[in-house]
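Beneath this line is the structure, given in structure tokens, with notes to follow.
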Amino acid sequence: MTTPWITAQLTDEQRAVFYAQMSVVQKDEVVGVLLALFLGSFGAHHFYLRRNGLGIMYVLFFWTGIPALAGLIECFFMPARVRQFNAEQATLLAASLQYAIPGTGAAPGVVPAKSFVAPACASCGAPLVGGVKFCSRCGAAVTQ
């Protein structure tokens, strides 16, 4: 798992909780590539990364053959997409556990002069990853 920036300053108990929860949501790159290669015409790789809208669109148009070609092309981009998905999930998990995010200069349990607060969605209150335009939980537009 490539999350040393989160686990570097955690206690053993905090690290155990983080890894236990991260192992549930983490996706595998090889599975993503194989889904795109063999079931890409049905959008299985999009469903795997919780992109249900794209997955449904692939299912609706699978008979045209265009999603099969797109799935073949997308299998080359899947490792990067899976790594990005895992990094987003790690950041969301860290924000929901209220751990210090790197770059804030704060260790867990220490309140600096200017404390970092993870932005939250105005509609549902879910923690947001920096730079997103829509909430991943409810789909509401994020104003920044």
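Residues of the stretch 55-67 that are of a type in the set (Gly, Ala, Ser) and over 25 Å from the mean Cα position of the chain (by Cα): GLY65 alone.
A residue that is in contact with a helix residue (DSSP H, G or I) (Cβ under 9 Å, 6 or more places away or on another chain), at pLDDT below 90 and among the hydrophobic types (A, V, I, L, M, F, W, C) cannot be found anywhere in the stretch 60-67. Residues in the stretch 71-96 that are surrounded by fewer than 19 Cβ atoms within 10 Å (Cβ to Cβ), over 11 Å from the mean Cα position of the chain (by Cα) and part of a helix (DSSP H, G or I): LEU72, ILE73, PRO79, ALA80, SER96. Taking the stretch 40-61 as the range and being assigned to a helix (DSSP H, G or I), buried (at least 17 other Cβ atoms within 10 Å of the Cβ) and of a type outside the set (Ser, Thr, Tyr) as the test, the residues that pass are GLY40, PHE42, ALA44, HIS45, HIS46, PHE47, GLY55. Answer with yes or no whether VAL17 is hydrophobic (A, V, I, L, M, F, W, C), in the same structural domain as ASN86 (by TED's automatic domain parsing) and modelled with pLDDT of 90 or more. Considered against the rule, which asks whether it is hydrophobic (A, V, I, L, M, F, W, C), in the same structural domain as ASN86 (by TED's automatic domain parsing) and modelled with pLDDT of 90 or more, VAL17 comes out as no.
The values are calculated or read from the model by the stated rules, or taken from the named source; none is laboratory data. Predicted model, so just to flag it, every value in this text is computed and none were measured. When we count neighbours, we look across all protein chains shown, and the Cβ atoms used for this are built from the backbone with ideal geometry, even at glycine.
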